[in-house]
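Let me begin by presenting the structure, written as structure tokens, before commenting on it.
The values are calculated or read from the model by the stated rules, or taken from the named source; none is laboratory data. What you see is a predicted model; the values in this text were computed from it and never measured. Don't worry about glycine lacking a Cβ; one is built from the backbone with ideal geometry, like all the others, and counts go over all protein chains shown.
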Amino acid sequence: MSRNGGLLVSVRVRLFYEKRGGACFVPHVALAQLFTRAACRAGLVPVMTAGFSPHAKVSFGPELPAGVVALMEPVDIHLEAVSDDLIERWNGAMPDGFRIRGVQFPPEGAPSLGKECGAALYWLRSFVLTDANLAERARAHYGDAVLSAEIGAGESGMANGVSLVLSSPARNGIGGWVKAMIASGALAGWQEINVVRVAIGSWDGTKIELPGRPAL
């Protein structure tokens, strides 16, 4: 943290992280505390809000249902200072299944994280539905919110399955659709489908661009 005209100025840090294995069952509401505690264990000092109930200044992208693996999730956190080994220190303090993959320092006046998360890329694979049927059901459920539904590797780069891109992920969550398929009898439960959020950011018509386009 530096001083500018007598005022304390913090550093806004944007991290891109993955959560796999048991980490994907950590609920969204617990993430702020998890990242804050990891920062403190790593010797990093989060900037706290003012008021009667101060908390670290942290913001995340649209939430995911518990159990969904994520490969490139953004989080903004304000720190008093940063170091060249920021990623290594933070990763050394994170719980199993979490890993920081990239870092960026948004310039002053940059849009909030929420405004930069206008699309999300998912990889889907069902054990009971064909890829073609899964893509068809996604289009029927989401309508115009489907920006792309490609069978095969597609934008996700993963083998087989469906690469699905949805607009406005804060409104068009993946959990509601899976629950609708369970309610209709198409799926017996979450155990019959694999869902991975590959990336979230903006859609340029052919691919997802991460918020701020970090160099990974």
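The residues of the stretch 18-64 that are of a type in the set (V, I, T) and either part of a helix (DSSP H, G or I) or in contact with a Cys (Cβ under 7 Å, 6 or more places away or on another chain) (or both), listed by number, are V29, T36. Of all the residues in the stretch 105-124, those that are over 15 Å from the mean Cα position of the chain (by Cα) and surrounded by 15 or more Cβ atoms within 10 Å (Cβ to Cβ) number 3. From the list I174, I193, I200, which residue is in contact with a Gly (Cβ under 8 Å, 6 or more places away or on another chain) and either modelled with pLDDT under 95 or closer than 24 Å to G21 by Cα (or both)? I200 is the lone residue from the list that is in contact with a Gly (Cβ under 8 Å, 6 or more places away or on another chain) and either modelled with pLDDT under 95 or closer than 24 Å to G21 by Cα (or both).
In the stretch 192-212, of all residues being without any contact (Cβ under 8 Å) to a residue 60 or more places away in the chain and not in a strand (DSSP E or B), the one that is nearest to V69 (Cα to Cα) corresponds to K207. Given the criteria touching a helix residue (DSSP H, G or I) at 6+ places or on another chain (Cβ under 9 Å), closer than 19 Å to P65 by Cβ, of a type in the set (D, E, K, R) and part of a helix (DSSP H, G or I), does R125 qualify? So R125 fails the test.
Residue by residue, here is whether (1) in a strand (DSSP E or B); (2) closer than 30 Å to F35 by Cα; (3) touching a Gly at 6+ places or on another chain (Cβ under 6 Å); (4) at pLDDT below 95 holds:
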site	(1), (2), (3), (4)
E108	no, yes, no, yes
H141	no, no, no, no
E155	no, yes, no, yes
A159	no, no, no, yes
